[in-house]
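Bear in mind that the values in this text are calculations on the coordinates, not laboratory data. This is a predicted model, so every value here is computed, not measured. Neighbour counts are summed over all protein chains in view; Cβ atoms, including those assigned to glycine, are modelled from backbone coordinates with ideal geometry.
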Amino acid sequence: MPVETLVWVGDRPGHVRMIEQTLLPTSHEQLEVKDVPGMVDAIYRLAVRGAPAIGVAAGYGVLLGVQGLEGLSGEEMMGQLKEISATLAKARPTAVNLFWALDRMVARAQREFDAGKTGDGIRDALFEEAHTIFREDQETCEALGRHGAELISDGGTYLTHCNAGALATANTGTALAPFYEAHRQGKKIAVFADETRPLLQGARLTAWELQQGGVDVTVITDSMAGRVMFEGKIDAVFVGSDRIARNGDVCNKIGTYSVAVLAKEHGIPFYAVAPLSTFDRTLTSGDQIPIEERPAEEITMGFGKQTAPDGVKVYNPAFDVTPARLVTGIVTEHGVIEHPTQENVEAALRAAGVDLDS
């Protein structure tokens with residue numbers, strides 16, 4: 001069974017309990033988040049990370065902010081909600097699910113306000129909406145696992161980069177969901193996990209949770225990916241995504257682009273696995289995706305130990321963009337978008353009922 005990354009505890013007042021992911025794999029501790037500043041801090045520090053999990057956390061962060069607001073008019077509640085949403089939106093800039101979830105919460109509140117609901121009625125609706133986001137993510141992970149497992153062969157060996165598993169979602173994950181489902185089906189598979197510098201999410205998180213789930217996993221350094229491909233050890237690559245443009249360009253953890261280039265060179269299929277909520281309909285290409293730059297200390301003082309000279313310049317982008325031409329397919333909860341282009345991405349979104357103009 002996958003680990004439980006985050007959950008709402010209690011009714012009202014309630015709070016969020018999540019795995020403190022910055023301490024894995026040496027310590028498995030729970031973090032209790034009870035207010036909006038605490039949620040902003042958890043998202044920024046990467047105590048909770050992964051696009052779907054950040055979306056769930058954002059919805060629950062709104063609840064932390066509104067649950068104590070009683071007896072307000074509808075207009076007063078909407079004003080408070082927009083302030084809370086704006087605060088949460090500052091936590092991280094790249095993962096589109098953060099903004100998707102906040103926009104969804106505000107839109108639900110707006111519908112209730114337009115229907116004449118009081119502040120208490122709007123708050124009730126927000127509780128329902130946030131819990132729906134959580135349940136939908138669980139169902140989406142299961143669907144991603146089913147569709148992705150069809151691309152996995154018994155006896156196959158696969159490569160993944162960063163962490164896009166149970167620790168990044170409310171269920172089995174995105175990129176790791178096919179592995180869990182294939183394992184559940186009895187397929188004998190093995191997974192190579194890139195360590196994912198500088199924060200080692202692959203080594204610390206992916207390896208930890210796949211071990212917990214009974215999946216055969218081997219950690220390699222990022223620079224070894226080309227070698228294991230050259231040796232013929234990789235049948236396909238599965239990665240997650242934090243944002244996907246309308247043309248199929250995939251934004252994911254730094255180093256993903258390098259893996260995609262290597263996979264292309266060696267004739268290895270490269271799959272991104274992500275829910276439709278990860279597609280940013282406002283962006284026509286990955287060139288428009290804002291790339292978060294993290295503190296230099298993540299590189300110069302990795303995990304508390306100095307690894308670079310004092311005063312050296314550092315460039316630390318947290319993400320990169322893999323052009324659609326390098327992507328064999330994007331696995332969504334509605335199926336696989338093969339060889340993504342703007343035309344077939346938009347067709348898939350329309351078929352799933354997504355309004356491309358909103």
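Annotations for the structure displayed:
- Cα-projected label distance for D41 with D216, points at 7 Å along beta-carbon direction, nm: 4.4 nm
- Ordering I220, P178, G156 by Cα displacement along the dipole of region 149-240 toward the positive end leaves I220 in first place; charges were set at the Cβ atoms of Lys, Arg (+1) and Asp, Glu (-1).
- Label zone at A107 (point 7 Å along Cα-to-Cβ), backbone N below 14 Å, region 264-307: 276-282
- Modelled label positions at F303 and T132, each set 7 Å beyond Cα in the direction of Cβ, lie 4.3 nm from each other.
- For region 6-142, the convex hull drawn through the C-alpha positions has a volume of 97 cubic angstrom per residue.
- Dipole check for the chain: with +1 at the C-beta of Lys and Arg, -1 at the C-beta of Asp and Glu, and the Cα centre as origin, the magnitude is about 620 Debye.
- Per-selection metrics, region 144-351 (Cα): Rg and Dmax in Å: 16.7, 54
- Under 28 Å from the Cα of K117 - lysines, other chains or at least 8 residues apart: K34, K82
- Based on DSSP H segments of at least four residues, each scored -39500 (n - 2.57), the chain has a per-residue ellipticity at 222 nm of -12000 deg cm²/dmol.
- A straight chain from V3 to R184 at 0.36 nm per residue would run longer than the Cα-Cα distance by 63.6 nm.
- For the chain, diffusion coefficient by Stokes-Einstein and Kirkwood Rh (Cα), 37 °C, 0.692 mPa s, µm²/s: 159 µm²/s
- Under a 5 Å amide H cut-off, with hydrogens placed 1.01 Å from N, F192 pairs with Y158, L159, T160, T218 among residues at least 5 apart or on other chains.
- Calculated FRET value between D11 and A89, using beta carbons and R₀ = 25 Å, to 0.05: 0.40
- Helical segments meeting 15 Å axial Cα length and Kyte-Doolittle -1.0 threshold in the chain (DSSP H): 51-66, 74-89, 96-114, 119-149
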